[in-house]
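Okay, so here's the structure we're looking at.
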Amino acid sequence: MNRRHFIALTAAAPLAAAEPRRKAPFRVIYSNDLTNITSCVSPFHQAREPFRQEMLEATVDEVNGLVDAHFLQPGLGMVPLWPSQVIDLKEHYAWIKQRYGQKPDSFSQFVLNGGDIVQRFIDRCRAKGQAAFISFRMNDAHHKEFTDPKPGDKPGSSIGMSVTRFYAEHPEYRIKRGSQRGADLVQNFAEPAVRAQKLELIRELCEKYDLDGLELDFLRFYSYFREDTPLEQRRAIMTSLVQEVRQMLGPKKWLCARVPCYLPALDLLGLDLKALVAAGLDMVNASAHYFTTQQHDLAAIRQQTEGAALYFELCHTIWKGDKVQAGYDVFPFRRATREHLHTSAHLAYARGADGISLFNFAYYRPHGQGEGRGEFGEPPFEALKALREPQTLAKSPQHWFIANGWRSPGAKPLPVPRKVEPNMPAKFNFDLASPRGDARVRIQTDRTDPTDLVARFNGEAISTTDDVFEPFAVPYPSMLGKPEELRAWLIPAQLLREGKNSLEVTLKSGQPMTVLFVDLAC
């Protein structure tokens, strides 16, 4: 531990000693990215309809009685979507018009016309009995590929929320100049001027509004430092930053951080969870960034966050396909079903979570562009009721899965897709919590021709079955395996264990195949 890191930790000690540590009381928290209001077709928003304050209020109303705390992301953490003294929106959009030829998006226009999205949100949450949090994106990369426009570029109106004069005029502050990767386009937090810009906006939110709490979203995006920045320097910077936000927010309001649910990724971002909790972090929101997953390091994260409330994040999807065309929001998705959500929450509670969070839940709704992206529909809001009841979840049907999630920097290699060679067993591990009854396990492959496959579960041979169909209803069919792509086996209840379980699949003959998805229902 270097001197700066030691000072950051010891400076936080008086905060902890001043009064007994309190625990956040929220069981279910809900993240609202705001942009879903105009990007998704919903009961309160038709396609291409501009933003109105009633739409924001409707997003609070539709989860009333289902969530305890509502987290609003007012923009991308670059340009304020509230009346601000830090960045003058009129000057900003005059510059955007000159540089990019773009008008304000409808959210910014609402503020330019005298509206206040943050205050409207707080007022509606208070009226509906939901705690009002602002979730602040710490280093978002959206639309920054158009910062330095080239002939033929067509930046949309959202660039006004993403690029500021400060960002454009300081390319030396970017992680990697000249790159078009999102993780390289964001700013280097080793630069004091970069941190100062973020802290100015956060300070304004803390001083201007009577929030119940604030979340620092460290996963939008998951890049803060250049590769050669030492780990201890990263940790010292991030710990000091959280400590400063704690002081801005005051001792009576809740401070949360959205962080990776994988231990290796924490070091890349400079997030020392023990130090952050000592510096005043009340809530830790562990996330796979964009996916519902059942492969994570939550049990280890629980050990590092004692004293804080720990949440595990669920999302609308468990797996995304390839882009169907260029642009944003052009992916097909395999949607999370009620059973996926409930089983993932059950595992999280079993590994130490105090509650569940929800991210991008509105994106079950129609949004984006391109054909062949699967069926859309209304989010399964009814599934949220059980998320606050660990005992109910433990008794519910279980649907375990291994899917190709987001390959975040620092995360472990994902278990699928996995190439399987003849006579070379491929092992897939499940972390099961209180499994009940007989089970059936399936694999989805890239092969439609007959294959000679055998399987073992926890070292014991298991028998094949012709029943390869979905174990539960799928309201949003997309990316489901065709019967000829699926293979299934039956697992007697006595083979299922608490904790680690292994499926071993062996291709006895034929050409290599690739396993794309694995699931187990019981």
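The values are calculated or read from the model by the stated rules, or taken from the named source; none is laboratory data. Treat the numbers as computed from the prediction; the structure is a model and nothing was measured. With ideal geometry, Cβ positions are generated from the backbone for all residues, glycine too; neighbour counts draw on all protein chains shown. Areas reflect the complete protein model, heavy atoms only, side chains present, ligands, DNA and RNA absent. Shrake-Rupley method; radii C 1.70, N 1.55, O 1.52, S 1.80 Å.
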**OP:** Would you kindly calculate the mean projected area, averaged across all directions, of the convex hull enclosing the Cα atoms of the stretch 167-224, in square nanometres?
**Re:** 4.5
**OP:** Considering only protein heavy atoms, with the full assembly of protein chains and a 1.4 angstrom probe, order ARG27, ARG302 by accessible area, largest first.
**Re:** ARG27, ARG302
**OP:** Using just the helices of the chain, give the 222 nm mean residue ellipticity in deg cm²/dmol: DSSP H runs with n ≥ 4 each add -39,500 (n - 2.57), and the total is spread over all residues, rounded to 500.
**Re:** -8000 deg cm²/dmol
Original post:
Can you give the alpha-carbon Rg of the stretch 212-314 over 2.2 N^0.38 Å, where N counts its residues?
Top reply: 1.01
Subject >> In Hz, Karplus ³J(HN,Hα) per residue of the stretch 107-119 (6.51, -1.76, 1.60; θ = phi - 60°; x = Gly, Pro) >> reply: 5, 5, 5, 4, 6, 4, 7, x, x, 9, 4, 5, 5
Original post:
Over what distance in Å are the Cα centres of the stretch 343-422 and the stretch 207-232 separated?
Top reply: 24
Subject >> THR465 long-range amide H proximity, modeled H, under 5 Å >> reply: ALA488, TRP489, LEU490
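Write down the Kirkwood hydrodynamic radius of the stretch 426-522, to one decimal in angstroms, obtained as one divided by the mean of 1/r over all alpha carbon pairs.
Details: mean 1/r = 0.0715 Å⁻¹.
Radius from the Kirkwood sum: 14.0 Å.
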Original post:
From the backbone phi of the stretch 241-248, what are the Karplus-calculated ³J(HN,Hα) couplings (6.51 cos²θ - 1.76 cosθ + 1.60, θ = phi - 60°) in whole Hz, Gly and Pro given as x?
Top reply: 4, 5, 4, 5, 5, 4, 5, 4
**OP:** Any chance you could list the semi-axes, whole Å, largest first, of the equivalent ellipsoid that the Cα gyration tensor gives for the stretch 256-301, using √(5λ)?
**Re:** 18, 11, 9
Original post:
Suppose every K and R has +1 on its Cβ and every D and E has -1 on its Cβ; what is the size of the dipole of the stretch 24-162 about the Cα centre, in Debye to the nearest 20?
Top reply: 180
Original post:
In degrees between 0 and 90, to the nearest 10, how far off the longest principal axis of the chain does helix 89-100 point, with axes built from Cα atoms?
Top reply: 70
Subject >> Diffusion coefficient, µm² s⁻¹, Stokes-Einstein with Kirkwood Rh over alpha-carbon pairs of the stretch 107-227 at 10 °C and 1.306 mPa s >> reply: 99
Subject >> Qualifying trypsin sites (Lys or Arg not before Pro) in the stretch 202-272, DSSP loop, other Cβ atoms within 10 Å at most 10 >> reply: LYS252
Original post:
Ratio of the stretch 394-460's C-alpha Rg to 2.2 N^0.38 Å, to two decimals?
Top reply: 1.33
Subject >> Zero-based 10 Å bins, Cα pair distances in the stretch 37-190, whole percents >> reply: 10, 35, 34, 17, 3, 0
Original post:
So how many Å³ per residue does the convex hull of the Cα atoms of the stretch 14-102 work out to?
Top reply: 156
Subject >> Under DSSP loop assignment and at most 14 Cβ neighbours within 10 Å, longest GluC sites (Glu not before Pro)-free interval of the chain >> reply: 1-226
**OP:** Relative to the longest principal axis of the C-alpha atoms of the chain, give the angle of the C-alpha long axis of helix 192-208, reported between 0 and 90° and rounded to the nearest 10°.
**Re:** 80
Original post:
Past the 24 Å Cα-Cα mark, which pairs from LYS23/LYS385; LYS150/LYS198; LYS90/LYS154; LYS154/LYS323?
Top reply: LYS150/LYS198
Original post:
Dipole size in debye (nearest 20) for the chain around its Cα centre, Lys and Arg Cβ +1, Asp and Glu Cβ -1?
Top reply: 700
Subject >> Equivalent ellipsoid dimensions for the stretch 292-339 as semi-axes, Å, which come from the Cα gyration tensor, largest first >> reply: 31, 12, 9
Original post:
By the gyration tensor of its Cα atoms, with a ≥ b ≥ c the square roots of the eigenvalues, what is the shape of the chain: rounded for a/c under 1.5, prolate for a/b over b/c, or oblate?
Top reply: prolate
